[in-house]
1. How much FRET efficiency would the formula 1/(1 + (r/R0)^6) give for Ala221 and Ala38, where r is the Cβ-Cβ distance and R0 is 22 Å, rounded to 0.05?
2. Provide the percentage of antiparallel DSSP beta bridges, counting only those with both residues in the chain; round to the nearest 5.
3. Under 21 Å from the Cα of Lys125, which lysines turn up, not counting those fewer than eight places away in the same chain?
4. With +1 on the Cβ of every Lys and Arg and -1 on the Cβ of every Asp and Glu, and nothing else charged, how large is the dipole of the chain about its Cα centre, in debye rounded to the nearest 20?
5. In the chain, if the dipole is taken from +1 on Lys/Arg beta carbons and -1 on Asp/Glu beta carbons about the Cα centre, which of Gln86, Leu176, Gly65 is farthest to the positive end?
6. With unit charges on the beta carbon (Lys/Arg positive, Asp/Glu negative), name the residue among Ala197, Gly165, Thr287 whose Cα is farthest towards the positive pole of the charge dipole of the chain.
7. Between Thr238 and Ser191, 0.36 nm times their residue separation minus their Cα-Cα distance comes to what?
8. Mind checking Rg over Rh on the stretch 6-226, alpha carbons, Kirkwood formula for Rh?
Amino acid sequence: MSFDQIRLDKQDGIALLTLYRPERMNAFTADMMAEIIAALDECDADDAVRAVIFTGHGDKAYCAGADLSAGAATFDYDTRSDKQRQLPEGTSASPVAEDGTIDWSHPLVRDGGGRVSMRIFAAKKPVLGAINGAAVGIGATMTLPMDARLASETARYGFVFARRGIVPEAASSWFLPRLVGIANAVDLCYSGRLISAAEAQEKGLVQSVHAPGALIDAAIAKAREMTADSAPVSVALTRHMLWRMMGAPHPMSAHRWDSRVIFSRGRSPDAAEGVTSFLEKRPPNFTASVANDYPWFDEFEDSPPYS
């Protein structure tokens with residue numbers, strides 16, 4: 001698939017997804033949202049891709065936030081032509097009825113940044129961020145569901161929503177406190193202040209900080225470290241288990257899912273290969289396909305009520 005507002009380059013098992021709007025500091029649009037989702041769909045379906053790295057074009061910005069070219073109407077989605085273009089055929093143009101009532105199920109109500117975050121959350125491959133510059137608004141919140149965030153020394157984070165008269169989006173009220181703690185989350189979101197890459201690392205928002213010219217190589221090295229010797233289907237399942245269990249009310253939820261996934265994977269050729277290759281002191285050759293053999297997690301939802 002060809003893209004206009006992103007670039008997707010695949011090489012040696014790594015997909016580099018570059019936000020690409022040079023004239024707008026890679027600012028986020030509804031079209032960019034759709035392209036990111038399509039690119040992640042493509043990567044999940046391609047067994048040659050072991051990990052996806054997000055970065056931004058240029059050296060100034062990862063993503064400067066929502067495109068503000070619509071001015072005061074930027075967040076009034078009823079008036080946005082890019083939003084209107086993506087409405088399913090036959091859908092009313094506005095969720096607001098003549099009497100002022102709102103249809104909360106209307107597609108225009110749904111947060112576009114949240115659609116990106118939820119797609120990253122659902123990804124079957126590790127997703128990393130190589131934050132090369134300003135990451136503001138959605139530029140900051142879309143990175144939260146990623147498995148690792150590496151930043152350039154020139155990067156800046158800003159959760160600026162209250163300064164724009166709106167609120168944090170992209171499910172960041174769920175992700176951010178889990179990454180940095182509630183005290184740091186309220187400080188960053190209430191004030192909307194920009195923080196340096198060093199402060200972001202101190203707070204746990206990014207894992208490491210690098211010289212600008214070394215950032216992508218560091219992210220690729222991290223992605224390879226995560227995936228080189230591991231079974232792709234096991235990585236996909238582990239990713240979903242760890243992220244989903246962060247919100248579980250009791251460890252019994254994890255035990256239920258663990259039991260089914262361990263039983264399922266234990267019967268797979270990958271499990272036999274993992275043990276055999278270890279005993280034979282050779283690199284493993286895992287053959288199960290994420291695209292074709294991955295058991296979608298929903299089938300483990302209805303687990304037996306162990307106690």
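1. On the way: r = 27 Å, r/R0 = 1.24.
In this case the efficiency is close to 0.20.
2. Details: 10 of 32 bridges.
Once the DSSP bridges in the chain are tallied, antiparallel ones form about 30 percent.
3. Here the lysines satisfying the reach criterion relative to Lys125 are Lys10, Lys222.
4. Values: 31 positive and 39 negative charges, 160 e Å.
With only Lys, Arg, Asp and Glu charged at Cβ, the dipole is about 760 debye.
5. Of Gln86, Leu176, Gly65, it is Leu176.
6. Ala197
7. Extending this stretch completely gives an extra 13.4 nm.
8. Details: Rg = 17.3 Å, Rh = 17.8 Å.
Here Rg/Rh amounts to 0.97.
Throughout, read-outs are computed from the coordinates displayed, never taken from laboratory work. All of these numbers come straight from a predicted model, not from anything done at the bench. Glycine also receives a Cβ, built like all others from the backbone with ideal geometry; neighbour counts cover every protein chain displayed.
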